[in-house]
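As structure tokens, the structure follows; a few thoughts come after it.
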Amino acid sequence: MIYGILILWKRFNKSYMKNELMPEIENYCVKHGIYSQAAYDNYQKNKFAENSLYLYHGYAESDIPTGIEYEVIARMGKYGVIQPDSVLKCHSKVLSFFTQYPVQPFYQADSGYHGLSLVQFEQEIPPMIYELEEVTQKEPLDWTTEICLGSKEGIQRMINKDMALRELSKIFRDFDIKNKKDLYSICYSFDMNDNSYMDGSQMVYGIVHKIREEENKSKLYQVIEEQIIKKYNLNQRETEEIIDKSLDNFWQKSLHL
């Protein structure tokens, strides 16, 4: 499931941005050539836009185009879990994305990469943004705080998935030992040398359907379907993802693998 959220790691000090990074961006454009004239022109037009801030974003789960607009802002806790009580209405727009290296304006944030972005907020910059560590000089970009921007639907679906994962993990923990052994036998009923199951997602898909098909496992799947899938309105991909994570946890903790 692609949620289209933008995960933020750092915020850049305005003086540092103006005196250090902006000249560096211009030098890169001269030295390497402009990658996208439209993106460069857009950056020049908006680089000092009102209520905007240069932010360092985390790995994009998909290509995100410049100009994308977001509706809400939220904090992310351990393992990237969104904190439901932190979600606030906050309209924002990405004015510019930049390539990772050399740094210069680009028309999108590429999937799988992190980098610099220029984000404008409709009204004032929200206080939550100032919880991000400020970059004032060149240094390794580690982070301790994550904040995300997203649509109301995308953020809510991520919250639902995280809650479903916690509940599913609890179901596996609480399930009686006989059924745990049955689940264990299902997982190992697959031939690990069979190339058709080399892809992790295919294996999980097979496990889900194996659970559904085998009569002595129907109780477990019924619990999952009634208490998890329907409750949180999960689609097939989300269901497979949380089962994958729960099984991984089950293997490592319950079976001491």
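The values are calculated or read from the model by the stated rules, or taken from the named source; none is laboratory data. Remember, it's a predicted structure, so these values are computed and weren't measured experimentally. No Cβ is skipped: glycine too gets one built from the backbone with ideal geometry, and neighbour counts run over all protein chains shown. What goes into the accessible areas is simple: the full protein's heavy atoms, side chains included, and nothing from ligands, DNA or RNA. Shrake-Rupley method; radii C 1.70, N 1.55, O 1.52, S 1.80 Å.
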Q | Sole residue being out of contact with any strand residue (DSSP E or B) (no Cβ under 6 Å at 6 or more places or on another chain), over 30 Å from residue 236 (Cβ atoms) and either assigned to a helix (DSSP H, G or I) or free of Cβ contacts under 8 Å to residues at least 60 places away in the same chain (or both), chosen from 26, 50 | A | 26
Q: Could you run through the range 89-117 and say how many residues are in contact with a Ser or Thr (Cβ under 7 Å, 6 or more places away or on another chain), of a type in the set (Ser, Thr, Tyr) and open to solvent by 10 Å² or more (accessible area, probe 1.4 Å)?
A: 2
Q: Would you mind finding the one in 107, 101, 28 that is more than 18 Å from residue 154 (Cα to Cα), touching a helix residue (DSSP H, G or I) at 6+ places or on another chain (Cβ under 6 Å) and not basic (Lys, Arg)?
A: 107
(Q) I'd like the full set of residues that are over 18 Å from the mean Cα position of the chain (by Cα) and modelled with pLDDT of 90 or more, limited to the range 100-118. (A) 103, 104, 105, 106, 107, 118
Q) How many residues are assigned to a loop (DSSP other than H, G, I, E, B) and free of Cβ contacts under 8 Å to residues at least 12 places away in the same chain when one looks only at the range 119-161? A) 4
Q: Within the range 15-55, count every residue that is within 13 Å of residue 135 (Cβ to Cβ), of a type in the set (A, V, I, L, M) and open to solvent by 60 Å² or more (accessible area, probe 1.4 Å).
A: 0
Q: Give the range 51-89 a look and list any residue that's among the acidic types (Asp, Glu) and under 17 Å from residue 127 (Cα atoms), or say none.
A: 71, 85
(Q) Within the range 56-71, take every residue that is in contact with a helix residue (DSSP H, G or I) (Cβ under 9 Å, 6 or more places away or on another chain) and open to solvent by 40 Å² or more (accessible area, probe 1.4 Å) and give me the one that is nearest to residue 128 (Cα to Cα). (A) 71
